[in-house]
Amino acid sequence: MTNPDSRLPNPGVPDLRVALVQGDTRWHDPAGNRSYYGSLIGTLAGRADLVVLPETFTSGFSNEAVADAEDMQGATVDWLRGQAARLGAVVTGSAVIREGGHVYNRLLWATPGGGLLHYDKRHLFRMANEHQRYAPGVARPVFELNGWNVLPQVCYDLRFPVFTRNRRLGEGLEYDLLLFVANWPAARRHAWRTLLRARAIENLACCIGVNRVGTDGNGIGYAGDSAVLDHLGETVIELGPAEQVALGRLSREALEAYRARFPADRDADAFELR
């Protein structure tokens, strides 16, 4: 979670080095996926501050995966912590996690120092009956990384701008980077690409979206289109439909300069999240 003081404008914050890991997730194969994604990120040590894997990267997006849900002491959490320590970077992605009698589509945020934070997907995709098998998250955490405040989100959350709206707290905005991990089907790729840009522009924040590629066990195809966008919604990185790992850099100096000369958030409507 963030310290409120860290939300104050600070042009001295360094650029953020990010790695997008766009993979073809194996269907219902946690051990195989840990090995697969481990091989994809194997050369990233010292090259990125944040390594982003797709949604449900150990299973694919599946209601049946709840039967094999891990807990927070399971192999996937241990693997993420190990990768974060080895790479010297935060490693994040979502997995199917069981806790307190419920199963969550949980974004896990493992830090190089052994810390672990999480965000549970709030908006469950009813068109695939996700809401019948998984429990919705309640909290809306903001994570801190090298002076950047990051709002983590999962896939379908992208369609709900009220939940992601950046708010002014004191003299600064609540977050600097909006992060989405996804299994977003190719049939709706126009919405994915459009909404990522809209979320960046309306929130005066950088935006990252990491999607999978390939075809899942339900026969659904994925086009990737993972991206890093700046605060104007302009493309820093945009990937195609192939398996790929890409590195990019986000400028905090440019972000702060734009916010100073175009503080549109000061005219935003007040509201409360419930």
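Go through region 264-274 and count every residue that is within 17 Å of Tyr175 (Cβ to Cβ) and either of a type in the set (Asp, Glu) or in contact with a Leu (Cβ under 8 Å, 6 or more places away or on another chain) (or both).
Here is the first cut: in region 264-274, the ones within 17 Å of Tyr175 (Cβ to Cβ) are 264-266, 268, 271, 273.
Subsequent filtering for residues that are either of a type in the set (Asp, Glu) or in contact with a Leu (Cβ under 8 Å, 6 or more places away or on another chain) (or both) retains 264-265.
Going through region 264-274 one residue at a time, the tally reaches 2.
Pairs only if they're at least six apart or on different chains, beta carbon under 9 angstrom, first in region 47-59 and in contact (Cβ under 8 Å) with a residue 40 or more places away in the chain and β-branched (Val, Ile, Thr), second in a loop (DSSP other than H, G, I, E, B) and surrounded by 24 or more Cβ atoms within 10 Å (Cβ to Cβ); list them, first residue then second.
Correct list of pairs: Val51/Ala89; Val52/Ser226; Thr56/Thr25; Thr56/Asn183; Thr56/Arg212.
Which residues, taken from region 115-154, are part of a loop (DSSP other than H, G, I, E, B), without any contact (Cβ under 8 Å) to a residue 24 or more places away in the chain and farther than 18 Å from Leu53 by Cβ? Step through it out loud before you land on a result.
Pass one, region 115-154, residues part of a loop (DSSP other than H, G, I, E, B): 115, 121-125, 129, 134-142, 146-147.
Narrowing further to those that are without any contact (Cβ under 8 Å) to a residue 24 or more places away in the chain: 115, 136, 138-139.
Matches in region 115-154: Pro136, Val138, Ala139.
Of all strands (runs of 3 or more DSSP E) completely enclosed by region 187-274, which ones contain at least 1 residues that are in contact with a helix residue (DSSP H, G or I) (Cβ under 7 Å, 6 or more places away or on another chain) and of a type in the set (Ser, Thr, Tyr)? Reasoning before the result, please.
Details: elements: 206-211, 213-215, 221-223, 227-229, 235-238, 244-250.
It comes to 221-223.
For Tyr175, are the conditions met, namely being modelled with pLDDT of 95 or more and in a strand (DSSP E or B)?
Values: modelled with pLDDT of 95 or more: yes; in a strand (DSSP E or B): no.
No, not satisfied.
Being under 30 Å from Glu253 (Cβ atoms) and touching a helix residue (DSSP H, G or I) at 6+ places or on another chain (Cβ under 7 Å) narrows it down to one residue among Val18, Val13, Val96, Val52; which is it? Spell out how you get there, then give the answer.
Working: Val18 fails: touching a helix residue (DSSP H, G or I) at 6+ places or on another chain (Cβ under 7 Å); Val96 fails: under 30 Å from Glu253 (Cβ atoms); Val52 fails: touching a helix residue (DSSP H, G or I) at 6+ places or on another chain (Cβ under 7 Å).
Just one listed residue meets the conditions, Val13.
Can you name the condition, by its number, that Leu158 falls short on among (1) surrounded by 20 or more Cβ atoms within 10 Å (Cβ to Cβ); (2) free of Cβ contacts under 8 Å to residues at least 40 places away in the same chain?
Of everything listed in (1) surrounded by 20 or more Cβ atoms within 10 Å (Cβ to Cβ); (2) free of Cβ contacts under 8 Å to residues at least 40 places away in the same chain, Leu158 misses just condition (2).
The values are calculated or read from the model by the stated rules, or taken from the named source; none is laboratory data. Since the model is a prediction, treat every value here as computed from it, not as a measurement. Neighbour counts are summed over all protein chains in view; Cβ atoms, including those assigned to glycine, are modelled from backbone coordinates with ideal geometry.
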